[in-house]
Amino acid sequence: MSTKFLKSFFQMLLCVLAIVSIAACGGAGSSSPATPTPTTPTTPAPVTPVLSDFMFMSSTNSGVSETIRAEINDSTIFIRTPKVMDVSNLVATFVFSGASVLVGDVEQVSGVTVNDFTQPVTYTVRNAAGTGKNYTIELMQFTGLPVINLTTDNGNDITNRDDYTTGTVEVFGNGVVSDLDNMEMEIRGRGNSTWGMPKKPYQMKLAAKREFLDMENDKKWLFLAEYADKTMLRNKIAYELGYLSALDWTTDSEFAEVFLNRNYIGTYHITQKVEEGGDRVDIGDDGFLLEIDQLDRLDPDDVYFETDTFLINIKEPSLAQGDSQYLYISRLVHEFEQALYGNQFADPVNGYQKYIDLDSFIDWYLISEITKNVDSRSFSSIYFHVIPGEKIKMGPLWDFDLSFGNVDYADPEFPEGFWIKQNPWYERLFQDPNFVRQVQERFAYYDENRDFLLAKVDEYADKLRYAQAENDARWQTIGIYVWPNPVVLDTYEAEVDRLKSWFNTRMDWLDNALNQL
C-alpha cells in the first residue's frame, strides 16, 4: 500500500470524525450549547410541627414489659401504664414532623432522652422557622379501678344542675367490671353545697336502662365527687351498715376513674340514685317516696306539705298539690305525728306503732347515730317511704359524706354524745321504754359487726391506694383545709386511721350510753 493512499485515508477519517462531532453538538452551523438561564432557588415552606406518635418501649425502659402507646388528642397526649410502676425515669420514643423537639430548653432525642413523668410534661415541637406546638403528656398509672370516659357533644361543658348536656359514655372495666361500648347519655350537675366545690358531682341518664359497672339495669346514675371526704369512704361504709340492716334497700356503688372529654377529673364514687323502681326503692304503683327537706333547698316544681315538725318533700310520684294522692299521704303523716305526740303514744295498738315499721325506724336511727351524720337529725336527705295499706318505713340511707366526724361546725365532729336522738320524732320515741330496749338490743348486733366494718374500711382504702394518689394529684386536697374538715392531715393513710379511730371511740361511747338509758 502506497504512502499516498494512507495519507488520503487518514484525511477522510478525520473528516468523518469532524462531521460526527458537529452533529452531536447540534449540527453544522449551529451555535454553541445554550447556557441554562439562572433561576432563584425556591425555599420550601416550613413543615407544620406535629407530634404524631408517642410511646414507652420495653426495649428502652427496664420497667416496661410491653410497649405502651399514647392516645394523642390535639395538644394533649394521654398515656396509661398497665400497672403501677416507677415513672420518674422514663425514655419516650416519638415520631414528629419538624426540626426539633424540646422539653423546656432540653432537646429531646427519641428513644434516648430520660424524663420524669410523675407530673404532666410539656413537649414542644418546632419547625425550621421556629414555629412551635406544645403537647402536654398526661401519664396515669393503672389504679385497679374501672375507667369511665364521658364525652359531651362538641366538648360542651357541664355548667349547671338544671340542664342536661348530651354525649356518650364508655366503660373500660379493666377486668374489674364489664366493659360498656359508646352509649348515648345525658349529664348534668347535681348536689347542693357539693356543687359549689371544685370537683363537681354529676347525674348521668343513659339512653336506655342497662347495667352500669355491673350494677342492676337502670337509666340514672350518680357520680359522687367525695371532695370533702378525703378518705372517699364515708358513704361507702354507711352503705355497708345498710347492707347489714333490715332496711328495704340500700344503694349499690362502685369506685371508678372518670375522664370528661379526655381530661382526667378524678376518682368518683358511682352510685344508684334514690328513686322509685323495682330494683331501687320498690314502692309499687301507688306508693310514696318522701324526704324531710328544707324550704330553701326545694326545686320550683317540688310538691311538699308541712307537719307541726317537718317539711315533707314528695319525691315520688309526681302529683299535684291537693289531689287525692297528696291528701292521702299528707293526712297519713299527720295522723302518725298525732299518735306519736298523743297521750297514748306508747300503746302498741293505738299509739305510734300503728303507723310505723319499728324495725326500719330502729335500724335507720342506729346507722345514723353510729355515724353521727350531721344531716340526719333534721336537715335533709332523711328519706322514708310508704305503700298504701302498709306502715311507714324509714330509708333509704343517703348523704353520709359529713359523717364519722367529718364536720367542723357542729357537735358531730366528736365521737361522744347523742345527735340523732334529738331528732324530734326520735326524741319522742326514746320516751317509750319498749323502743329504748329494742334499740339497745339492736345496737349489740352492730357492735358485734364492728371488726367486720373496720375490715371493710381497710379493704376499700387498699382498693383506693393508687386511685386516691391520682385523685390528689389532680385536686390536691390532702394536707390542706377543705370545708368542713375538722382536722388537716398530711397523708391519705392518716385520714383513714382517723376515721377508724373515731368509729371505735364512737362505738365504745354508744355501748355505754345506750345501756344507761
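Worth a mention:
- Treating each Cα of the stretch 378-458 as an identical point scatterer and summing with the Debye formula, the log10 of I(q)/I(0) at q = 0.13 Å⁻¹ comes to -0.59.
- Debye intensity ratio in log₁₀ form over the Cα atoms of the stretch 147-272, taken at each q of 0.17, 0.18, 0.20, 0.21 Å⁻¹: -0.90, -1.01, -1.24, -1.35
- Averaging the sequence gap over all C-alpha pairs within less than 8 Å and six or more residues apart, then dividing by the number of residues, gives the chain a relative contact order of 10 percent.
- Rounded to 0.05, the FRET efficiency of the T166 and T136 pair, given R0 = 30 Å and the Cβ-Cβ distance, is 0.65.
- Altogether, the Stokes-Einstein calculation at 25 °C and 0.890 mPa s, with the Kirkwood radius of the stretch 116-209 over Cα pairs as Rh, returns a diffusion coefficient of 150 µm²/s.
- For the stretch 242-306 versus the stretch 79-127, the gap between their alpha-carbon centres in whole angstrom: 44 Å
- Dipole in debye (nearest 20) - the chain, about Cα centre, beta carbon charges: Lys, Arg +1; Asp, Glu -1: 3280 debye
- Acute angle (nearest 10 degrees) that the helix 234-244 long axis makes with the longest principal axis of the chain, alpha-carbon atoms: 50 degrees
- Paramagnetic label zone (point 7 Å from Cα along Cα-to-C-beta, S378; backbone N under 20 Å) in the stretch 429-458: 429-432
- Solution diffusion estimate, µm²/s, Stokes-Einstein, the stretch 372-517, Kirkwood Rh from C-alpha pairs, 10 °C, viscosity 1.306 mPa s: 91 µm²/s
- Percent RCO, i.e. relative contact order, over the stretch 50-141, from Cα pairs under 8 Å lying at least 6 residues apart: 31 percent
- Charge tally around T491: other residues with Cβ under 12 Å, Lys/Arg +1 each, Asp/Glu -1 each, net -2.
- Protection proxy ranking of 418-426, 315-323, 367-375 - average other beta-carbon atoms within 10 Å, highest first: 367-375, 418-426, 315-323
- Ascending count of other beta-carbon atoms within 10 Å, so fewest first, for F78, F503, F400: F78, F503, F400
- Helix-derived mean residue ellipticity, 222 nm - over the chain, DSSP H n ≥ 4, -39500 (n - 2.57), to 500: -8500 deg cm²/dmol
- Dimensions of the stretch 50-141 along the principal axes, based on C-alpha atoms and rounded to the nearest Å, stand at 40, 23, 19, largest first.
- Backbone N within the stretch 94-137 under 13 Å of label point (7 Å from R262 Cα along the Cβ vector): 135-137
- Burial ranking of peptide ranges 239-246, 189-196, 356-363 (average Cβ count within 10 Å, highest at the top): 356-363, 239-246, 189-196
- Taken one residue at a time, the phi angles of the stretch 209-220 give Karplus couplings (6.51, -1.76, 1.60, θ = phi - 60°) of 5, 6, 5, 9, 6, 6, 8, 4, 3, 5, 9, 9 Hz. Gly and Pro are set to x.
- Counted charge near T93, where neighbours are those whose Cβ lies closer than 10 Å (Asp, Glu -1; Lys, Arg +1): 0
- Cβ-Cβ distance of D153 and E335, R₀ of 56 Å, FRET efficiency by 1/(1 + (r/R0)^6): the value works out to about 0.65.
- Three-way shape label, the stretch 299-434, alpha-carbon gyration tensor, a/c 1.5: oblate
- Using C-alpha pairs under 8 Å with a sequence gap of at least 6, the mean separation divided by the residue count of the stretch 317-388 gives a relative contact order of 13 percent.
- Net length gained if the chain between S75 and M57 were fully extended (0.36 nm per residue, minus Cα distance): 4.3 nm
- Each other residue within a Cβ distance under 10 Å of L213 adds +1 if Lys or Arg and -1 if Asp or Glu, for a net charge of -4.
- Flagged links, alpha-carbon separation over 27 Å, of K200/K273; K273/K393; K391/K421; K393/K421; K209/K456; K83/K230: K209/K456
- For the stretch 248-296, dividing the convex hull volume of the Cα atoms by the residue count gives 154 Å³ per residue.
- Using alpha-carbon coordinates, inclination of helix 3-24 to the longest axis of the chain, degrees: 30 degrees
- Mean shadow area of the chain over all directions, Cα convex hull, nm²: 41.9 nm²
Where a number appears in this text, it was derived from the coordinates with a stated rule and is not lab data. Computed from a prediction, not measured in an experiment: that's the story for all the values here. Note: ideal-geometry Cβ built from the backbone for every residue, glycine included; neighbour counts use all protein chains shown.
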